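The values are calculated or read from the model by the stated rules, or taken from the named source; none is laboratory data. The shown structure was predicted, so the numbers you read here are calculated from the model rather than taken from an experiment. All Cβ positions, even for glycine, are placed from backbone atoms using ideal geometry, and neighbour counts span all protein chains on display. The area values use the complete protein model at the heavy-atom level, side chains included, leaving out ligands, DNA and RNA. Shrake-Rupley method; radii C 1.70, N 1.55, O 1.52, S 1.80 Å.
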Amino acid sequence: MGTFVYSSSCLSWKNNLSRQVNPSHHVVPRGVPEKGCSRIKAAACSKEDVTVNRDCEKSAGSLNRRSAIVSGASLISSVLLGFPGEGSAVVKQGLLAGRVPGLSEPDEEGWRTYRRPDEKSGGHGVGWSPMIPYTFSVPDNWEEVPVSIADLGGTEIDLRFANPKEGKIFVIVAPVKRFSDDIGEEATIEQIGPPDKVISAFGPEVIGENVEGKVLRSEVAKHLGRTYYQFELEPPHVMITATAAGNRLYLFNVTGNGLQWKRYYKDLRKIAESFRVV
């Protein structure tokens, strides 16, 4: 199994599925700024001025090349688990998918519940039908992170949450028709495949590499009739909760570095196990 990286706008799950999912489960994957002085000024410049202009152009070119190098480094520093590096440029609010606050007030233990707002558009492009909302709980000091329509993780990244000291969350929502024509509008995770096939097929899209030998824990839970597959992988440290609802597959991912995993493991696991599609 090859190494996969979140670098395209479309998740490359087809190849994983074709290799990993048993056919019995019916999964069939498938205006440039002007440099130097303006033209009007250049026309009026003397030979001496032209020399200055050329020097100006060289400086501008050097600056542009330096900016390009910095921008490239920013992209390369993007984490495989889907979070842009801190050096990345801040995306203007106008380019963000429809962000609508969905956090409740803190409960007695200081935890807040997030529910995906019905009005939130998401960055999923044209043709997406209304999405069945999902919920999860986080400590009071966790906040939503803006998701750009040009997110490096792809258009299936629906939401990000983070606390710089404790860890990160990202939610992937993808249409089940991408994986099989045999799955209808009321999909279940069982129709997509059993736990081992699901984590083998989709795990590399979350961690950026083969999951063989990295799955520490695999459990199946049921809540209100819906089945959830829960996985813990290491390295890197990540907990994945997978389920399906309507015509979509949901992957809820909780990640952290080694120190965060050691200090906040209990809270991170509580976050991972709180995910529900409602």
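Determine the per residue accessible area of segment 111-277 with all protein chains present and a 1.4 angstrom probe, expressed in square angstrom.
40 Å²
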Compare the peptides 188-198, 247-257, 102-112 by average per-residue count of other Cβ atoms within 10 angstrom and give them in order, highest first.
-> 247-257, 188-198, 102-112
Rounded to a whole %, the carbon-and-sulfur portion of the accessible area of segment 111-277 at a 1.4 Å probe is 52 percent
Length gained when the stretch Arg217-Thr135 is fully extended (0.36 nm per residue, less Cα-Cα span) | 27.3 nm
Taking Lys and Arg as +1 and Asp and Glu as -1, residues besides Asn247 with C-beta under 13 Å from its C-beta add up to -1
Enumerate the aspartates and glutamates that Lys177 could reach by cross-link, defined here as Cα to Cα under 18 Å, with residues fewer than 8 away along the same chain left out.
-> Glu156, Asp158, Glu185, Glu186, Glu190, Glu205
List, in the order given, every pair from Lys222/Lys270; Lys120/Lys266; Lys165/Lys270; Lys120/Lys214; Lys168/Lys222; Lys165/Lys214 whose Cα-Cα distance in the structure shown is over 27 Å.
-> Lys120/Lys266; Lys120/Lys214
